[in-house]
Amino acid sequence: MPRTSLLWHLFAGWCSLVAGVLVCCYWLASVRLADLADAAQRHRLEEVARTVLDGVPAGETPADDAFVERARSVLGGAPVVVELLRPDGGLRVRAGQAGTAADRPADAVARRPRAGDGALAASWCDGTTGRRFLSVTVPHGPPEAPTALVRASRDTSEADRDLARAQRRLLGGQRACAAAALAAGYVFCRRSVEPVRDVASATARLADGPPAVRLPACDVLELAT
């Protein structure tokens with residue numbers, strides 16, 4: 001079995017440590033970025049849903065035409081679909097840009113309650129296009145017995161592209177950090193190995209040469225003579 005220099009033993013350990021730390025940091029940062037991106041989208045969708053029925057008394061629901069007109073006014077050109085639902089979840093009317101949201105499948109149930117306000121968020125993927133959608137459903141009236149539901153949905157493709165760009169920038173920064181850490185680690189390992197090499201060289205000369213050969217002075221306690 002070929003023998004390997006102590007320098008490469010130390011440097012291999014350093015490389016493994018740096019790689020492990022950076023991989024863990026990248027994974028944690030990526031997950032956190034994705035959570036923040038989804039949270040920001042959920043917040044915007046919830047604001048839209050609440051703004052559409054702003055001023056409507058809790059015990060009343062607007063007529064379908066009035067709801068559509070109000071929703072279009074609130075949305076402007078935003079790629080969001082707003083739906084007025086019956087308390088049982090049945091669709092009454094929909095407003096927004098065509099093609100910006102897919103019909104939610106029956107099993108895409110909102111399971112993420114927001115504390116205290118009764119809003120529910122859900123996400124699902126369109127199996128045909130592969131696009132991901134996010135929606136927030138807000139009850140109108142008492143959360144325990146709403147008179148209607150308002151659901152705001154949007155395609156997350158643009159936000160997902162922004163997230164991918166942020167993750168690529170993060171990866172680029174980590175590569176630069178890895179290069180700097182590996183260079184510094186190599187220098188450190190090389191300096192750590194130099195006293196061992198000096199002692200090994202002197203020991204070899206002492207074994208092959210005259211007994212007058214002296215071991216070099218060393219400030220490493222384990223190698224000091």
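The values are calculated or read from the model by the stated rules, or taken from the named source; none is laboratory data. What you see is a predicted model; the values in this text were computed from it and never measured. Neighbour counts are summed over all protein chains in view; Cβ atoms, including those assigned to glycine, are modelled from backbone coordinates with ideal geometry. Areas reflect the complete protein model, heavy atoms only, side chains present, ligands, DNA and RNA absent. Shrake-Rupley method; radii C 1.70, N 1.55, O 1.52, S 1.80 Å.
Do the conditions hold for ALA184, that is, is it of a type outside the set (Asp, Glu), over 30 Å from VAL81 (Cβ atoms) and out of contact with any Leu (no Cβ under 6 Å at 6 or more places or on another chain)? Yes: the conditions hold for ALA184. Scanning the range 30-80 for residues that are under 19 Å from VAL93 (Cβ atoms) and of a type in the set (Val, Ile, Thr) yields VAL48, THR51, VAL52, VAL56, THR61, VAL68, VAL74, VAL80.
Just so you know, in the range 48-58 the residues that are in a loop (DSSP other than H, G, I, E, B) and on the phi < 0 side of the Ramachandran plot include one that is surrounded by the most Cβ atoms within 10 Å (Cβ to Cβ), and it is LEU53. Output the residues belonging to the range 59-87 that are assigned to a loop (DSSP other than H, G, I, E, B) and touching a strand residue (DSSP E or B) at 6+ places or on another chain (Cβ under 7 Å). THR61, PRO79, ARG86, PRO87 - these are the residues of the range 59-87 that are assigned to a loop (DSSP other than H, G, I, E, B) and touching a strand residue (DSSP E or B) at 6+ places or on another chain (Cβ under 7 Å).
Output the residues belonging to the range 165-199 that are loosely packed, with under 13 Cβ neighbours inside 10 Å and of a type in the set (A, V, I, L, M). ALA176, ALA179, ALA180, ALA183, ALA184, VAL187, listed by residue number. When residues in the range 136-163 are screened for being exposed (fewer than 12 other Cβ atoms within 10 Å of the Cβ) and among the aliphatic types (A, V, I, L, M), 1 of them pass.
Please go through the range 118-162 and pick out each residue that is touching a residue at least 40 places away in the same chain (Cβ under 8 Å) and in contact with a helix residue (DSSP H, G or I) (Cβ under 6 Å, 6 or more places away or on another chain). Hits for the range 118-162 are ALA119, ALA121, LEU134, VAL136, VAL138, VAL150, ALA152, ALA159.
For the range 23-38, a residue qualifies if it is open to solvent by less than 40 Å² (accessible area, probe 1.4 Å) and either in contact with a helix residue (DSSP H, G or I) (Cβ under 7 Å, 6 or more places away or on another chain) or without any contact (Cβ under 8 Å) to a residue 24 or more places away in the chain (or both), and the qualifying residues are ALA29, SER30, ALA34, ALA37.
Need pairs with beta-carbon distance below 8 Å; first residue assigned to a helix (DSSP H, G or I) and within the range 187-198, second open to solvent by 50 Å² or more (accessible area, probe 1.4 Å) and charged (D, E, K, R); sequence gap 6+ or separate chains. Note: pairs meeting the criteria are PRO195/ASP219. Here the range 200-225 is the region considered, the condition is being open to solvent by 60 Å² or more (accessible area, probe 1.4 Å) and of a type in the set (S, T, N, Q), and the residue that is modelled with the lowest pLDDT is THR225.
Among the residues of the range 31-47, is there at least one that is at pLDDT below 90, within 19 Å of VAL136 (Cβ to Cβ) and outside any helix (DSSP H, G or I)? So far as the range 31-47 goes, no, none of its residues is at pLDDT below 90, within 19 Å of VAL136 (Cβ to Cβ) and outside any helix (DSSP H, G or I).
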